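Okay, so here's the structure we're looking at.
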Amino acid sequence: MSSESITVHLVGDSTMADKDVNERPETGWGMPFADRFDDAVAVANHARNGRSTRTFLEEGRWRPVVRQLTETDYVFVQFGHNDEVPSKEQHTTEEAFVDNLRKFVGETREQGATPVLLTSIARRHFDDDGVPKDTHHEYADLTRAVARDRDVPFIDMDERTRSLLEELGPADSTALYNHLEPGEHPNYPDGIADDTHFSEHGARRMADLVLDGVEEVDLGLAAHVEF
């Protein structure tokens with residue numbers, strides 16, 4: 001690669017991750033995101049299903065990312081889905097979640113690269129009045145606080161996606177998520193109603209919202225987005 005090349009490193013959980021053939025049509029938003037840049041930009045998707053900030057670090061997944069960073073690179077960090085659920089083995093306390101986000105930010109900057117923090121994408125949960133529930137409140141607020149305190153470029157995907165859900169409503173928003181009838185797809189013979197992970201269409205919509213955020217926070221990366 002030339003010295004002018006840019007790599008965007010994606011660090012997060014299943015909502016961002018690449019999917020294997022046997023998982024499709026479930027699609028992480030990082031997959032369509034990677035196709036939206038000119039030839040100067042490569043996207044390296046390190047996100048993995050089921051990871052929290054804590055398990056991503058404990059499994060040694062972060063150190064190889066840091067080692068390859070250069071001054072032209074970006075690191076997009078999006079966690080919370082697994083960190084915030086006390087019953088999950090991946091659960092991370094609020095204090096540790098903040099410390100881990102600060103670690104991602106600090107070590108990215110030590111390499112001269114640019115960190116970008118994102119809140120989690122909303123789950124498709126509506127109240128009785130058809131208003132999307134704030135399912136990530138505490139951990140989204142912690143991410144917002146770290147971004148503010150460390151002056152980190154920030155894309156509030158929780159807020160953006162709840163706005164999209166509200167616009168679409170309970171019925172039409174199912175198209176964004178991995179909802180399949182029995183027999184509709186061989187990978188899900190019994191069907192599925194997954195309100196966390198995305199359809200191919202939904203992943204594209206989520207990637208569009210991320211790219212809107214890239215432009216709004218005025219990252220230099222925005223100049224390389226192809227529409």
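The values are calculated or read from the model by the stated rules, or taken from the named source; none is laboratory data. Just so it is clear, the structure is predicted and the values come from calculations on it, not from any experiment. So basically every Cβ, Gly included, is an ideal-geometry build from the backbone, and we count neighbours across all protein chains shown. We work out accessible area using only protein heavy atoms, side chains counted, and drop any ligands, DNA or RNA first. Shrake-Rupley method; radii C 1.70, N 1.55, O 1.52, S 1.80 Å.
A search for C-beta distances below 7 Å between a residue of the range 181-207 that is closer than 18 Å to Phe227 by Cα and any residue that is of a type in the set (Val, Ile, Thr) and in a loop (DSSP other than H, G, I, E, B), counting only pairs 6+ apart in sequence or on different chains, returns Met206/Ile121. Which residues, counting only those in the range 121-153, are outside any helix (DSSP H, G or I), within 20 Å of Ser14 (Cα to Cα), in contact (Cβ under 8 Å) with a residue 40 or more places away in the chain and open to solvent by 20 Å² or more (accessible area, probe 1.4 Å)? The answer is Arg123, Arg124, His125. Across the range 20-35, the qualifying residues are those that are in contact with a strand residue (DSSP E or B) (Cβ under 6 Å, 6 or more places away or on another chain) and in a loop (DSSP other than H, G, I, E, B), and the one among them that is nearest to Thr70 (Cα to Cα) is Ala34. If you go through the range 12-38 and pick out every residue that is open to solvent by 20 Å² or more (accessible area, probe 1.4 Å) and closer than 26 Å to Glu110 by Cα, you end up with 1.
Is it the case, given these coordinates, that Thr108 is at pLDDT 95 or above, in contact with a strand residue (DSSP E or B) (Cβ under 7 Å, 6 or more places away or on another chain), open to solvent by 30 Å² or more (accessible area, probe 1.4 Å) and within 24 Å of Met31 (Cα to Cα)? Steps first, please.
Details: at pLDDT 95 or above: yes; in contact with a strand residue (DSSP E or B) (Cβ under 7 Å, 6 or more places away or on another chain): yes; open to solvent by 30 Å² or more (accessible area, probe 1.4 Å): no; within 24 Å of Met31 (Cα to Cα): yes.
No.
All conditions but one from (1) under 20 Å from Gly12 (Cα atoms); (2) touching a residue at least 12 places away in the same chain (Cβ under 8 Å); (3) outside any strand (DSSP E or B) apply to Val85; the one that does not is (2).
Restricting the range 180-227 to residues that are open to solvent by less than 60 Å² (accessible area, probe 1.4 Å) and in a strand (DSSP E or B) leaves a set whose member that is nearest to Asn82 (Cα to Cα) is Thr196. Among residues of the range 42-67 that are closer than 29 Å to Glu226 by Cβ, those with a Cβ under 7 angstrom from a residue that is loosely packed, with under 14 Cβ neighbours inside 10 Å, sequence gap 6+ or separate chain, pair up as Ala42/Ser5. Just one of the listed residues (Thr15, Thr7, Thr55) is among the hydroxyl-bearing types (Ser, Thr, Tyr) and assigned to a loop (DSSP other than H, G, I, E, B), and it is Thr15.
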